[in-house]
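Below: the structure, in structure tokens.
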Amino acid sequence: MIKRIEATEKAIELIRLLRKQHGDLMFYQAGGCCEGTQPQCFEKGGFYQRMGDVCIGIIENTEFWVDKDLFEYWKHAHFTLDVIDGFGAGGFSLETPLKKTFRVEYRIFTPEEEANLEPVTFIE
């Protein structure tokens with residue numbers, strides 16, 4: 001099965017550090033507006049998903065949730081979670097005090113990959 005999301009080594013290291021500080025984590029990426037367009041990292045349960053939101057995968061035992069409208073737009077794309085130095089658009093994400101920002105890079109799945117994608121979980 002082809003994963004919809006993977007992470008760079010830098011992102012994995014930061015997730016491990018944040019988990020030591022905060023316990024279980026979750027990611028949420030919205031399509032804009034109040035939450036911004038960057039992935040936000042929260043303590044697990046620190047953000048309430050909405051009806052139709054989608055868990056596209058798990059990184060380091062951390063669920064990565066996507067806004068339902070963003071998923072519809074990007075459902076044919078592979079996400080790679082990375083981290084850069086600097087402040088992002090969202091000040092609520094747990095990496096912000098460390099002067100880091102999670103970001104996602106996208107690429108379109110090949111037809112062969114798309115035929116073998118891992119299933120997703122929807123909030124109903």
field: Selection within the stretch 101-120 - open to solvent by 80 Å² or more (accessible area, probe 1.4 Å) and β-branched (Val, Ile, Thr)
entry: Ile108
- request: Out of the residues in the stretch 19-47 that are aromatic (Phe, Trp, Tyr) and open to solvent by 10 Å² or more (accessible area, probe 1.4 Å), state the one that is modelled with the lowest pLDDT.
  value: Phe47
query: Residues Glu112, Glu63, Glu124: which one is on the phi < 0 side of the Ramachandran plot and touching a strand residue (DSSP E or B) at 6+ places or on another chain (Cβ under 8 Å)?
result: Glu63
query: If only one of Gly57, Gly52 is assigned to a strand (DSSP E or B) and on the phi > 0 side of the Ramachandran plot, which one is it?
result: Gly57
message: Within the stretch 60-93, take every residue that is assigned to a loop (DSSP other than H, G, I, E, B), more than 18 Å from Ile123 (Cβ to Cβ) and under 13 Å from the mean Cα position of the chain (by Cα) and give me the one that is modelled with the lowest pLDDT.
response: Ser93
Scan of the stretch 101-124 for residues that are touching a helix residue (DSSP H, G or I) at 6+ places or on another chain (Cβ under 7 Å) and farther than 17 Å from Met26 by Cβ, ordered by number: Tyr106
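Let me confirm something: among Arg16, Arg103, Arg107, Arg50, which residue is over 24 Å from Glu124 (Cα atoms) and at pLDDT below 95?
None of the others qualify; the one that does is Arg103.
The values are calculated or read from the model by the stated rules, or taken from the named source; none is laboratory data. Computed from a predicted model, the values in this text were never measured in an experiment. Backbone-built Cβ (ideal geometry, glycine too); neighbour counts: all protein chains shown. SASA here: full protein model, heavy atoms, side chains in, ligands and nucleic acids out. Shrake-Rupley method; radii C 1.70, N 1.55, O 1.52, S 1.80 Å.
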